[in-house]
Amino acid sequence: MFLTGILLLLAGTSSAQTAKPVMPEILHDLLAGKTFRARMEDCFPDDDMNSVRFSFMICEQESYRAEDVESLTAGDTIVLGKEHFVIKAMEQDETGYILTGENDTVYLIKNDREMYNALTDTENRFYKALFSVETVAAPAFRFFDYSDPEAEKPTELTIKDLLERYRNDIIVSTEENTVISFDNDGNLIRLEYHYTPWN
């Protein structure tokens, strides 16, 4: 009887399980198999940093319809982020248009969707924050560091390397330099950290 009780106790201990909530279907459909520009807003590792939950703001570069851009003339205004840029002069080149304002120059470059993106003379782009998301890193997660402009290939690192660099401000994630990808289950599978002139 005593032995039976011990065996039952051991069986109960070894079969203990943890139930975790499933990813909501709408979030799965939004993320699974996709790649986004994003800025990392926070990370929440467990004690041994083997399981990590990330918070990202997903962003997309602002785009302008071709017909709207191509009808602009001097005296018109284009909205860049939150700023209203009054066009003093406008000329066309092989990539798009050069807009001259009171103090700045802006380049409108045609993208592969036949729309235009804006770029300042200091290489700033304009992004729209779309939505914030929390996600878990997949077991196969990899961190690719492209921040060395002279390197031919990125440095492939682990999630622990990413956390250490992020926590020590060695990397500062912005929508300009961070690209994230999700696996087919909607878990974070890859983070790329790219070179920008202000990294």
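Looking at residue 161, is it modelled with pLDDT of 95 or more and in contact with a Phe, Trp or Tyr (Cβ under 7 Å, 6 or more places away or on another chain)? It is false that residue 161 is modelled with pLDDT of 95 or more and in contact with a Phe, Trp or Tyr (Cβ under 7 Å, 6 or more places away or on another chain).
Of the strands (runs of 3 or more DSSP E) contained entirely in segment 111-189, those carrying at least 1 residues that are touching a helix residue (DSSP H, G or I) at 6+ places or on another chain (Cβ under 8 Å) and under 28 Å from residue 26 (Cα atoms) fall at 127-146, 178-182. The single condition from (1) within 30 Å of residue 32 (Cα to Cα); (2) polar (S, T, N, Q); (3) free of Cβ contacts under 8 Å to residues at least 40 places away in the same chain that residue 147 fails is (3).
The set of residues in segment 1-51 that are of a type in the set (Gly, Ala, Ser) and modelled with pLDDT of 65 or more comprises 15, 16, 19, 32, 33, 38, 51.
Filtering segment 107-120 to residues that are touching a residue at least 12 places away in the same chain (Cβ under 8 Å) and under 20 Å from residue 59 (Cα atoms) leaves 108, 109, 110, 111, 113, 114, 115, 116, 117, 118, 119, 120.
Condition first: among the hydroxyl-bearing types (Ser, Thr, Tyr) and open to solvent by 60 Å² or more (accessible area, probe 1.4 Å). Now tell me which residues in segment 112-147 satisfy that.
Taking segment 112-147 as the starting set, the residues that turn out to be among the hydroxyl-bearing types (Ser, Thr, Tyr) are 116, 120, 122, 127, 132, 135, 146-147.
Matches in segment 112-147: 122, 132, 146.
For segment 88-106, indicate whether the set of residues that are open to solvent by less than 40 Å² (accessible area, probe 1.4 Å), under 27 Å from residue 178 (Cα atoms), part of a strand (DSSP E or B) and touching a residue at least 40 places away in the same chain (Cβ under 8 Å) is non-empty. No, the conditions are met nowhere in segment 88-106.
Scan segment 52-72 and tell me whether some residue there is open to solvent by 50 Å² or more (accessible area, probe 1.4 Å), more than 16 Å from residue 107 (Cβ to Cβ), of a type in the set (Asp, Glu) and in a loop (DSSP other than H, G, I, E, B). Checking segment 52-72: not a single residue is open to solvent by 50 Å² or more (accessible area, probe 1.4 Å), more than 16 Å from residue 107 (Cβ to Cβ), of a type in the set (Asp, Glu) and in a loop (DSSP other than H, G, I, E, B). I'd like to check something: does segment 15-36 contain any residue that is open to solvent by 50 Å² or more (accessible area, probe 1.4 Å) and part of a strand (DSSP E or B)? Yes, segment 15-36 has at least one match.
The values are calculated or read from the model by the stated rules, or taken from the named source; none is laboratory data. From a predicted model like this one, the values you see are computed outputs, not experimental measurements. Every residue, glycine as well, gets a Cβ built from its backbone with ideal geometry; the counts of neighbours run over all protein chains shown. All accessible areas refer to the heavy atoms of the entire protein, side chains included, with ligands and DNA or RNA removed. Shrake-Rupley method; radii C 1.70, N 1.55, O 1.52, S 1.80 Å.
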